[in-house]
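Report on the structure given below.
The values are calculated or read from the model by the stated rules, or taken from the named source; none is laboratory data. In this text, all values refer to a predicted model and were calculated from it rather than measured experimentally. Neighbour counts are summed over all protein chains in view; Cβ atoms, including those assigned to glycine, are modelled from backbone coordinates with ideal geometry.
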Amino acid sequence: MNKNLTDQFMKWNGSTNIACCLLTRIAGNTFSISAANTRFTERLKITDFESLEKIIENRDHLNKSLSHDLAEEWTVFCETMHCFLDCRCQRIEDNVCVLWISAAEQQPIDVLSDIPIGIIRMKVTQEPAKLHCTYMNSEALAMTGTSGNKASKCFHASDLMHVHSADACRIEHMLAMFISGKAVQPLECRLRPQDGHVRWIRVSLSWVIPQKVLQLAFVNISTEKETLAHNRQNQVLLQKILDTTQAAIFWKDAERRFTGVNKAFLEYYGFDSEQVLLGKNDEDMGWHSDPDPYKNDELRVLQGESTTRVPGMCFCKGENRHIVASKSPLYEDGKIVGLVGSFEDVTSEYMLRKDVVDLNAKLHAALKKERQANRAKSDFLLRMSHDMRTPLATIVGLSDLELKKHREPDLTKAFSTIKACSNFLLAILSDILDLQKLSNGKIDVTPTICTGAHSAKNIESIIRPQAEAKNITFITHFNCTATNCHAQIDTRKVQQIIVNLLNNAVKYKQPGGTITWRNDISGENADSIVVTHVISDNGPGISKKFQARMYSPFTQEDHVSSAGSGLGLAIVKNLVDILGGNITCKSAPGQGTTFTVILPHKKATAADITAFHKKNRTQHAAVPLEGRKILICEDNATNSEILKEMLESEGALCEQAFNGREGVEKARGRNYDIVMMDIRMPVMDGYQATREIREFDVDTPIVALSANVFADEIQNAFESGMDEFLEKPVVMSKMFSVLGQLLSTTSDAPLHGPD
């Protein structure tokens with residue numbers, strides 16, 4: 001038994017004037033005795049609970065066994081208790097109540113005075129619509145704000161209770177119907193007592209004495225009403241939120257049957273009402289060609305697993321649509337009772353993604369095709385370089401040898417012309433290869449220490465003979481030649497830029513006139529300097545039309561007749577961009593041309609300058625080839641003989657091998673000062689031959705010889721174990737410089753003689 005009920009019962013049990021028992025409703029108006037005091041059993045002449053339970057099974061039985069007064073009290077109680085139960089009185093818990101019966105020899109006890117239910121008893125008069133109030137308990141007086149004197153004078157229940165004017169006629173109608181013998185349901189109405197505070201009540205009617213005395217029982221339901229109103233307001237708000245959201249939202253019970261959806265859901269599928277869905281599942285609606293994955297997904301959710309943006313498809317309005325769905329379990333008292341979910345249509349995004357994928361596939365295919373084309377072009381240029389450089393190497397080499405042997409003017413002129421034409425072809429070939437490197441991004445930037453004086457001297461030595469040959473005055477103004485102009489930049493690329501621009505000036509200028517090259521420091525801070533080069537001429541000039549496209553490959557001014565490749569300016573522009581510089585042109589037909597090149601340089605530290613000068617002195621140290629033993633590995637017999645003759649002209653002792661395997665065998669067990677290794681040879685190439693030589697000889701310098709000057713060829717040469725790289729055709733001065741540099745590190749070693 002509930003402890004509070006027990007305590008209450010003990011309190012009532014202790015009252016001397018009240019006979020009481022504890023009743024529990026079983027069903028309907030059937031009750032069971034839970035406890036009773038002795039005064040109760042004595043008053044009813046009952047000796048045990050069992051007999052008592054039999055007596056009170058029905059109030060009619062009880063009425064027969066009680067005196068008139070007690071029977072009337074019992075009838076009142078039963079009616080009141082019925083109201084308790086129907087109105088859910090606080091004093092009634094789990095259908096349990098206390099029965100009071102007053103002692104006949106004492107003052108009757110008001111058993112209804114303390115209950116939290118308003119009780120009004122009214123006597124039916126002979127006049128229609130008039131009732132005489134005979135009793136109001138304390139709760140009724142408090143709720144209505146009515147005094148006892150006023151109550152006795154009221155003939156209308158609505159006036160007595162201070163019923164709100166809007167509800168007065170409803171109360172009166174309820175009373176009229178009840179008195180006429182018709183069944184009435186509990187009525188909810190408003191009270192407006194004298195304190196002005198409106199209260200909601202629920203009213204029930206019953207007969208105390210049939211057709212004579214009726215009873216109004218009412219409870220305060222204002223809190224309940226406020227709660228319901230608040231809940232209703234929240235439901236309206238929630239529904240508005242659900243109906244205004246763009247996502248389709250639904251909720252289901254534990255059997256996966258729809259219990260509700262929002263407006264977006266209905267609009268998506270084209271339904272007028274959710275009634276089409278209620279009590280059905282996805283399989284019933286036939287939305288999925290394969291419902292099992294969606295069913296299994298929801299079963300996992302009903303086990304407590306939430307899902308987020310799970311992709312899927314549904315059949316809607318005659319077509320398959322792509323969706324993403326999210327679902328979560330619904331809990332009630334800690335138990336999963338269903339699920340709530342939402343989904344979005346992502347068909348357009350899916351199609352866009354598909355288009356992007358298809359486009360990417362096409363792009364990748366195009367890029368692959370382009371790479372294949374570039375690879376084919378690179379392979380072609382590689383073969384062309386090798387095939388062209390090999391005979392050119394022969395021509396240049398023979399020309400150098402003959403120029404060294406002969407002093408006759410006619411022969412000297414002929415061989416010089418041959419050499420000049422060969423060098424011109426080599427220049428065009430180099431331009432093409434340089435452009436290919438630039439387009440493939442295979443141009444490496446290698447900053448080195450440079451001085452204005454040294455760079456200017458190199459460039460002047462190239463250009464001045466060409467200018468003088470055309471009777472062109474070549475003027476230089478070098479304001480960046482002092483030691484403080486030491487800086488780091490890719491010197492070779494700077495020289496290539498300036499030489500190309502000066503070559504163009506010489507090439508397109510008629511004999512006579514002037515070409516000026518000026519450089520100067522145009523900006524300087526703690527870490528860098530900016531050098532500006534200005535190349536000017538008074539030549540034919542460049543039209544505005546051509547200036548717009550002059551940096552494109554293979555382009556020349558229409559009126560210009562020249563043997564140039566049309567690649568020079570394209571290479572210049574690319575190199576300037578790579579070095580982070582800027583180039584501008586100012587020109588007009590008949591007014592000459594001025595190119596301005598601005599290049600940033602990183603300042604060299606004192607340590608950098610010292611190391612540069614030390615290396616420079618080593619490189620230029622004169623190391624004679626007299627008596628040096630050199631192995632030449634070259635498959636082309638003519639080129640091999642030319643190399644042999646060049647080296648032997650300086651006193652070197654040369655041996656020849658015509659493939660890589662022969663070179664390895666000759667190098668094994670013999671002592672050579674230098675190995676000249678062609679890269680492309682039959683039987684075994686130069687890479688493999690070098691690797692095998694390094695297995696037994698790690699000290700002898702090996703110099704690569706190749707007509708392929710691509711960066712990967714050079715890198716592969718060094719990775720295989722070679723020490724230097726010489727491009728074909730071999731320039732004698734450069735070859736002797738490289739050999740001198742290599743031999744300077746072993747200058748203390750004894751010279752090797754022939755075996």
*Which one is farthest from Leu131 (Cα to Cα), of the residues in the stretch 170-187 that are in a helix (DSSP H, G or I) and touching a Ser or Thr at 6+ places or on another chain (Cβ under 7 Å)?*
Ile171
*Of all the residues that make up the stretch 206-236, how many are small (Gly, Ala, Ser) and not in a strand (DSSP E or B)?*
2
_Between a residue in the stretch 244-258 that is among the basic types (Lys, Arg) and any residue that is modelled with pLDDT of 90 or more and exposed (fewer than 13 other Cβ atoms within 10 Å of the Cβ), which pairs come within a Cβ distance under 6 Å, given they are 6 or more apart or on different chains?_
Arg257/Gly279
*Would you call Val576 modelled with pLDDT of 85 or more and part of a strand (DSSP E or B)?*
no
*Residues of the stretch 299-310 satisfying the condition of being more than 12 Å from Ser326 (Cβ to Cβ), outside any loop (DSSP other than H, G, I, E, B) and not aliphatic (A, V, I, L, M)*: Arg300
*Based on what the data block shows, is Leu359 at pLDDT 80 or above and farther than 30 Å from Asp297 by Cα?*
yes
*Taking only the stretch 714-731 into account, find how many residues are buried (at least 20 other Cβ atoms within 10 Å of the Cβ) and under 49 Å from the mean Cα position of the chain (by Cα).*
3
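Of everything in the stretch 333-353, what is surrounded by fewer than 12 Cβ atoms within 10 Å (Cβ to Cβ) and of a type outside the set (Ser, Thr, Tyr)? Give them in sequence order.
Selection gives Asp333, Gly334, Lys335, Met351, Leu352.
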